[in-house]
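One structure is given here, and the rest of the page talks about it.
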Amino acid sequence: MRRLAVFAGAFSLGIFLAQYLLRPEWQLIAALAALGLGWVSFLLPWELRRRSVVICAALALALGWNWLYIRQVQRPMEALAGTEGAAVMTLLDYADSTDYGARATVRLDGFPYGKVVLYGDGSLLDLAPGQTVSGTVRFRSAARVRDTDVTSFTSKGVFLLAYGRGELDCGAGSAASPRWWPARMKRAMGERIRQLYPADTAGFLTAILTGDKSGLSEGDGIALSEAGLSHIMAVSGMHCGFLLTLVTLLAGRRRRLTAAAALPVLAFYALLAGGSPSVVRACIMLAFLLAAPLCRRDGDAPTALASALLLILLANPFAAASVSLQLSFAAMAGLLWLTPKLMRTLAGERPRGRVFRVLSASFSAAMGALVFTTPLVAWYFGILVLVSPLSSLLCLWAAGIVFALGLLSVAAGLLWTPLAGVPALAAGVLVKYILAAARLLAGVPCHALYYTNPYLKYWLAYAYVLFALAYFLRPKSRRKYAAAALLAALTLAVTVQLGQRRCRADLDVFFLDVGQGQCVLLASGGRFALVDCGSGNGWISAGDIAADHLASLGCRRLDYLILTHYDGDHVSGVSALTERMEVGTLLAPEGAEDQALQARILSAAEAAGAAAVSPEGVWTLSLGGAALTVYPPVGTGGDNEEGLAVLASAGELDVLVTGDMNRSTERALLAAYDLPEVEILAAGHHGSKNATSEELLEALRPETVCISVGSNSYGHPAEETLERLARQGCAVLRTDLHGDIHLALNRGG
């Protein structure tokens with residue numbers, strides 16, 4: 001079966017090369033070149049020839065298949081982007097609510113392979129999978145949103161976004177077909193879970209049983225992520241393994257009967273869980289395990305893993321860019337390669353007790369899952385969770401039991417609700433244990449490190465080199481691994497200290513890259529203030545980004561959180577921030593157009609221990625060796641004009657943040673207060689043409705203007721604004737171009 005592993009591995013490599021390195025017009029040429037290399041390989045000796053031919057053929061097939069998929073599936077759909085017209089669509093799942101209505105994944109008539117995400121009104125929430133929706137829609141590409149390449153849609157096979165224009169009509173379609181039974185079962189399970197369990201427990205149970213994390217509270221999600229336990233929410237091998245065990249027990253360990261019963265059960269569960277890469281990978285690997293003895297073959301885990309990847313990429317080559325696919329396969333590859341080696345190394349030659357064997361097996365499994373996923377988590381999420389091995393040891397066993405008891409309680413509840421009482425009670429206790437353990441571990445100092453510390457990425461590379469040298473150097477001994485671990489720990493401590501010592505100026509100013517939002521961090525003398533906290537970078541919220549920066553700078557308590565106004569792109573990250581960090585004082589304007597949003601912000605701040613203040617006059621606050629001056633609203637007409645302005649000063653060095661004030665409010669601010677000339681100015685309203693006026697620039701004469709901006713449909717920053725700044729001779733820094741911006745102000749110059 002290893003030939004199949006070689007072929008599948010080479011095919012997958014070809015798909016990744018096509019997705020990440022080769023433009024479509026070069027892929028067919030590369031496929032022909034791979035075929036040519038295959039013919040040349042016939043000149044090699046037999047053993048090399050056989051493997052080379054397989055590899056070249058697989059590469060050629062992958063490159064050709066990726067080119068053909070783009071030509072026959074993606075491009076015909078993308079040809080509709082920018083057009084508007086009548087369309088008939090079939091719902092593939094239940095719709096989700098949005099701030100402006102609802103959205104659903106649909107299949108567009110005439111396009112049997114690619115999918116579309118439809119945005120419409122709340123009536124979509126009343127429809128079931130299989131029903132049809134028709135009406136006038138406007139199409140947009142799902143691969144490029146506001147001139148930014150994205151993979152969050154295409155990796156799931158979605159190539160178009162459709163926006164309803166007017167009322168949408170619905171029809172019965174194929175809603176009664178057995179094809180939609182998995183989606184209906186998922187909905188029924190979710191409803192039964194909400195009936196059997198309290199809200200906090202129900203969200204966790206729904207996530208672990210069906211993969212639907214929408215009911216998980218923000219606080220629980222953050223705690224699980226910070227403790228390195230997010231992976232237990234991904235439906236994968238643990239869940240499928242339990243189902244296989246259950247089927248095996250019912251089948252009486254008869255192989256043929258077990259295989260015949262387990263394969264459809266696993267397929268049904270994969271569809272119920274949404275067909276995520278992790279569950280599909282687990283089901284395919286278990287299918288290989290079941291089928292191998294029946295075909296008189298030995299089961300081979302690497303072959304099963306490579307074949308699962310091949311089948312997923314064959315169905316949708318764009319799935320190569322899926323973060324969940326990359327993490328799932330990287331974790332399994334580490335478990336297959338490193339875990340057995342690490343267990344043998346820890347065991348040594350002397351017999352060990354049962355407790356030691358259990359602990360070493362758990363530790364080995366945790367490290368195996370981390371060895372290849374750690375760089376991916378660093379790249380996508382910017383976090384290194386140091387307590388991951390401990391959290392896995394404490395919680396993975398409980399997660400498996402929770403899945404079993406949760407499934408049993410739901411099945412019993414569907415038959416007769418009182419039958420679910422005992423398993424539901426036991427599952428609820430274990431869920432509370434897991435969440436409590438996650439919160440406890442997430443509260444441990446230095447439980448995780450963040451790549452907002454710029455030196456951490458170099459340490460990570462150094463640590464991998466250390467252990468690679470220990471692996472390849474002779475002789476084989478556990479001491480060299482202990483030495484590598486000690487060196488890694490010592491250098492990590494130095495790396496953490498270097499990251500914390502970045503704030504050594506009289507006033508350090510950070511404009512954090514939070515996409516189309518604003519988040520300005522001020523630090524002086526070991527004290528910290530945050531001006532606004534809104535939007536995010538697509539993977540994590542502005543609150544998490546800010547908390548990551550604060551933690552890497554050694555801050556455990558934010559002294560001041562100042563919100564210029566209550567627009568979402570200035571406050572959307574506050575709840576995530578306050579879940580992770582205490583706040584001393586919250587300063588925000590009194591009124592808000594969105595009263596519900598204001599209430600949520602104030603409630604989150606209160607939970608974080610903050611004293612909420614709405615300044616009516618000028619407030620002066622001490623920030624280490626610097627001072628903060630908070631100006632009350634001076635304009636009228638809405639949140640933007642009725643916001644706060646913040647001046648941070650270190651001696652004669654000044655930084656001004658005006659939020660989203662327009663030019664008339666800027667004139668009112670200049671008229672009301674004697675503002676100094678400033679070294680740094682935060683461009684108003686993300687560089688809007690109606691802010692950062694000539695009058696403000698003439699009065700303040702800033703040396704540097706920083707624009708907090710991301711991908712947007714508003715045209716920010718406006719050309720008019722950039723031209724004004726150029727005429728004034730200002731240096732311009734932008735978070736969309738420069739990422740996080742760190743400016744250090746020292747009184748000495």
Worksheet item: For region 96-138, what D do you get in µm² per second when you plug the Kirkwood radius from alpha-carbon pairs into Stokes-Einstein at 25 °C and 0.890 mPa s?
Response: 222
Worksheet, complete the sentence: Taking every C-alpha to C-alpha distance in region 380-430 and binning by 5 Å from 0, the per-bin percentages run 4, 21, 20, 15, 11, 10, 9, 7, 4, 0
Worksheet item: Within a Cβ distance under 15 Å of ALA523, other residues only, what is the Lys/Arg minus Asp/Glu net charge?
Response: +1
Worksheet item: Using the eigenvalues of the Cα gyration tensor, what equivalent ellipsoid semi-axes result for region 233-274 when each is taken as the square root of five times the eigenvalue, whole Å, largest first?
Response: 20, 11, 6
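Could you give the length gained on full extension between GLU652 and TYR433, defined as 0.36 nm per residue of separation minus the Cα-Cα distance, in nm?
Numbers: separation 219, 0.36 × 219 = 78.84 nm, distance 5.36 nm.
Additional length available on full extension: 73.5 nm.
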Worksheet item: Separation of region 629-690 and region 105-171 by C-alpha centroid, Å?
Response: 42
Worksheet item: Hey, any idea what Rg/Rh is for region 669-723, computing Rh the Kirkwood way over Cα pairs?
Response: 0.99
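What FRET efficiency, computed as 1/(1 + (r/R0)^6) with R0 = 30 Å and r the Cβ-Cβ distance, is obtained for TYR458 and ARG747, rounded to the nearest 0.05? Intermediate results must be reported in sequence, preceding the final value.
Details: r = 32 Å, r/R0 = 1.05.
Computed FRET efficiency for TYR458 and ARG747 comes out at 0.45.
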Worksheet, complete the sentence: Taking R0 as 45 Å and r as the Cβ-Cβ distance between ALA596 and VAL358, the FRET efficiency 1/(1 + (r/R0)^6), rounded to the nearest 0.05, comes to 0.35
Worksheet item: Rounded to a whole number, what % of the accessible area of the chain do carbon and sulfur atoms account for, probe 1.4 Å?
Response: 60
Worksheet entry | Summed residue charge, Cβ within 11 Å of LEU696's Cβ, Lys/Arg positive, Asp/Glu negative | 0
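If you take the Cα atoms of region 575-628, find Rg, then find the Kirkwood Rh from the mean of 1/r over all pairs, what is Rg/Rh? Could you put the intermediate results ahead of the total?
On the way: Rg = 12.4 Å, Rh = 12.3 Å.
My calculation of the ratio gives 1.01.
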Worksheet item: Which of ALA81, ALA301, TRP379 sits closest to the plus end of the dipole of the chain, meaning its Cα is farthest towards the positive end, when Lys and Arg get +1 and Asp and Glu get -1 on the C-beta?
Response: ALA301
Worksheet item: Can you give the three extents of the C-alpha atoms in region 1-107 along their principal axes, from longest to shortest, in whole Å?
Response: 64, 30, 22
Discussion item. Could you tell me the extents of region 330-460's C-alpha atoms along the three principal axes, largest first, rounded to whole Å?
Written reply: 57, 43, 27
Worksheet, complete the sentence: Distance in Å, no decimals, from the C-alpha centre of region 328-376 to the one of region 77-91 is 49
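Find the all-direction average of the projected area of the Cα convex hull for region 539-650, expressing the result in square nanometres with one decimal place.
Details: hull surface 28.6 nm².
Across all orientations, region 539-650 yields a mean hull projection of 7.2 nm².
On alpha carbon coordinates alone, what is the Rg over Rh value for region 604-700, Rh being the Kirkwood radius? Walk me through the numbers on the way to the answer.
Values: Rg = 13.8 Å, Rh = 14.1 Å.
Rounded to two decimals, Rg over Rh is 0.98.
Translational diffusion coefficient, Stokes-Einstein: compute it for region 69-212 using the Kirkwood radius over C-alpha pairs as Rh, at 20 °C and 1.002 mPa s, and state it as an integer in µm² s⁻¹.
132
For the chain, what relative contact order do you get, as a whole percent, if you take Cα pairs closer than 8 Å and at least 6 residues apart? Mind showing how you got there, number by number?
Working: 1403 pairs, mean separation 59.9, N = 749.
8 percent.
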Discussion item. Suppose each label sits 7 Å from its Cα in the direction of the beta carbon; what would the VAL88-SER217 distance come out to in nanometres?
Written reply: 4.7
Response to the item:
Restricted to the chain, the DSSP antiparallel beta bridge percent, nearest 5, is 70
Item to complete: Round to a whole angstrom and tell me the spacing of the C-alpha centers of region 417-479 and region 706-749.
Response: 39
Practice prompt. Sort LEU289, LEU563, LEU92 from largest to smallest accessible area, using a 1.4 Å probe on the heavy atoms of the protein chains.
Written response: LEU289, LEU92, LEU563
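Counting heavy atoms of the protein chains only and a 1.4 Å probe, report the per residue accessible area for the chain as a whole number of Å². Please list the in-between numbers first.
On the way: 34880 Å² over 749 residues.
Each residue of the chain exposes 47 Å² on average to a 1.4 Å probe.
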Response to the item:
Expressed in nanometres to one decimal, the distance between label points 7 Å along Cα→Cβ at ARG194 and LEU336 is 4.0
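When averaged across all projection directions, what area in nm² does the alpha-carbon convex hull of the chain cover? Write down the numbers at each step before the final one.
On the way: hull surface 149.9 nm².
Answer in nm², one decimal: 37.5.
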Worksheet item: Angle between the Cα long axis of helix 2-20 and the longest principal axis of the chain, 0 to 90 degrees, nearest 10?
Response: 20
Practice prompt. Taking 7 Å along the Cα-to-C-beta vector as the label spot, tell me the ALA493-ALA315 distance in nanometres, rounded to one decimal.
Written response: 4.9
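Which percent of the Cα-Cα distances in region 219-378 go past 23 Å? Don't skip to the answer; put the middle values down first.
Working: 5881 of 12720 pairs.
Pairs farther apart than 23 Å: 46 percent.
Quick check on my link table: of LYS156/LYS213; LYS341/LYS480; LYS457/LYS480; LYS156/LYS186; LYS341/LYS476; LYS186/LYS213, which ones sit more than 21 Å apart, alpha carbon to alpha carbon?
Values: LYS156/LYS213 17 Å; LYS341/LYS480 15 Å; LYS457/LYS480 23 Å; LYS156/LYS186 19 Å; LYS341/LYS476 12 Å; LYS186/LYS213 13 Å.
From the list (LYS156/LYS213; LYS341/LYS480; LYS457/LYS480; LYS156/LYS186; LYS341/LYS476; LYS186/LYS213), the Cα-Cα distance tops 21 Å for LYS457/LYS480.
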Discussion item. Once R0 is set to 45 Å, what does the formula 1/(1 + (r/R0)^6) return for the Cβ-Cβ distance between THR148 and LEU473, expressed as a FRET efficiency to the nearest 0.05?
Written reply: 0.50
Worksheet entry | Nearest 10 degrees, 0 to 90: helix 542-552 Cα axis against the chain principal axis | 90
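What does the net charge come to around GLY221 if you take all other residues with beta carbon closer than 14 Å to its beta carbon, with K and R at +1 and D and E at -1?
Numbers: positive: LYS213, ARG439, ARG580; negative: ASP200, ASP212, GLU218, ASP220, GLU226, ASP544, GLU579.
Here the count lands on -4.
If you average over every viewing direction, what projected area does the convex hull of the Cα atoms of region 341-395 give, in nm²?
Numbers: hull surface 16.7 nm².
The orientation-averaged projected area of the Cα hull of region 341-395 comes to 4.2 nm².
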Worksheet item: Roughly how tilted is helix 719-728, in degrees to the nearest 10 and between 0 and 90, from the longest Cα axis of the chain?
Response: 50
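The values are calculated or read from the model by the stated rules, or taken from the named source; none is laboratory data. Note that this is a predicted model, so its numbers are computed, not measured. Don't worry about glycine lacking a Cβ; one is built from the backbone with ideal geometry, like all the others, and counts go over all protein chains shown. When the accessible area is computed, the model is the full protein with side chains, heavy atoms only, and any ligands, DNA or RNA have been set aside. Shrake-Rupley method; radii C 1.70, N 1.55, O 1.52, S 1.80 Å.
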